[in-house]
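Each value in this text was obtained by applying a stated rule to the coordinates, not by laboratory testing. Just so we're clear, the structure is a prediction, and the values are computed from it rather than from any experiment. Every residue, glycine as well, gets a Cβ built from its backbone with ideal geometry; the counts of neighbours run over all protein chains shown.
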DNA sequence: GTCTATAGAGTGATAGAC
DNA sequence: GTCTATCACTCTATAGAC
C-alpha cells in the first residue's frame, strides 16, 4: 500500500502530527464549506500555524486537497465493510453514506478529473484509487457470478471498469442536479452491467421519478 | 437555446468581437498546453489586450474557461452529424475525434465536476450540457429500438443517464491511463446498456488488451 | 529537518475617466 | 458601455536561519 502521498518529508519529525492535523483541518473545511474554501491562509488560521509552516508540509494548495482526500479515504475505510449479502442494498447504503457529505463528493469528482494530468499532485492518488476500485469490483463480480446472481459470461475486469465509470458519472450528474434517486440508479446500473436482464433498466418499477 | 453564458454584457459593442476572440484564444491555449496554462495574463498577451480588458469581458478566470468550453462546443457541433447507420462505429468515430485533443477532454472533465457547484460560473453550462446530452441519447435509444437493435424494454431516459455517465466515466479513466481502447469500451458499453445480450461485456473478443 | 523572511506572479474588486 | 488605475489577497518559489 506504500503509505499516503503527502507523507512526512523526513523520518523524524514533529511532522507526523502536523501533517495529520492539517489533513484533518483541510477535510473539515471541505465538509463545512466546500473545497473551494480550502485556502492556505484559512488552514493556517485554524491550525494556529503560519502560512509558511503549512506550505512546508504541503508544498502547494493542491497537495492540501490531496491531504483532505486521504483523510476522507482513511475515514470511509472504517465504514467500508459492507456485507455482500444483498449487493443492491449494500450499494444503496454506500450511496446513502456518501450523500451526507456532498462537498466531499464534489472534491472527489474535481480531483478525479484533475488527477488525469500526470503532473498534478493528485495523479498518484487517482491512479491508486482507480486500480483499487477496479480490482475490488472485479472481485465483486466474481463473487456474484459464483452465487449465480451475475451472468457468468461477463468479463470481471471490463465489468469493473464500467461499473466504476457508471457510478462516478451518475454521482456527478446527481451533484449537478440531485433530483433522482442515486442509490436506485447505481444499484440498477449494477444489475444491468452484471447481465441481469430481469432487473431493471427495463420493465420493472416504471420510469424514474424525475422528468 | 438562449445563447452562450459568457455573452456580451451590453447590446452595443466592440464586445462581440472581443469576446469571441478571447474565447478562441483561451481554447487554443487549452489545446496547446492544457487548461491549467490558461491565465488572464497569457490570454491578454496573446490577444494584445490589457489584463483589465480581459477581466472586463470575463469577470474571472473560471469564466474564461467556460468561454473556451463554449468555443469547443460550437466547433464540434459542426462535426456532430454522425449518421446513425451503424451506431457502434459512429460512437467509435466520435471517440476518435475527441481523442485528438486530450487537453480539451481534460477541460471538459474538470469543468463538469466544478459545474456541480451552483455558484460556479460553469454551472449553467453543465446543466445545459447534461440536459442536451440526455435528451439526445434518449432519442438515440428510441431510434435503435425502432430499428430492432435495442431492447424495447429499456427506458430511454434512464438509458440516456447511464450511457452519459458511462461515457464520461470511461473518458476520465482513459485520460488517467490511456492503455485501453476507449472507442471499443464505449461502443460495447452502449450495447450492454441497450440490452443487447449478444454483444460483448461478455463472451465476444476476449478480455480487453490491458491488464 | 523545520521554519522565517521575502519577493514575485496571478486573481479579482473598486473608483472613476472616457 | 468600455476601459484605466490601483490595491488587496492568495499562491508559490527561494535563500537562508535555527
| Pairs of Cα atoms farther than 13 Å apart, segment B:12-78, % | 58 percent
| request: Please give the direction-averaged projected area of the C-alpha convex hull for segment B:82-199, in square nanometres with one decimal. | output: 7.5 nm²
| said: If you average the C-alpha positions of segment B:127-178 and of segment B:46-80 separately, how far apart do those two centres end up, in angstrom? | reply: 28 Å
| query | Can you give the relative contact order of segment B:12-78 as a percent, counting alpha carbon pairs under 8 Å and 6+ residues apart? | reply | 40 percent
| What are the nm distances, shortest first, from residue A:124 to its equivalents in the other copies, labels at 7 Å along Cα→Cβ? | 4.2
| task | Please order B:56, A:137 by the number of other Cβ within 10 Å, starting at the fewest. | result | B:56, A:137
| field | Exam field: residue B:86 pseudo-label spacings to other copies (7 Å along Cα-Cβ), nanometres | value | 4.4
| said: With a cut-off of 8 Å between alpha carbons and a minimum separation of six or more residues, what is the relative contact order of segment A:100-186 in percent? | reply: 24 percent
| Hey, can you rank B:101-113, A:160-172 by average C-beta count inside 10 Å, highest first? | A:160-172, B:101-113
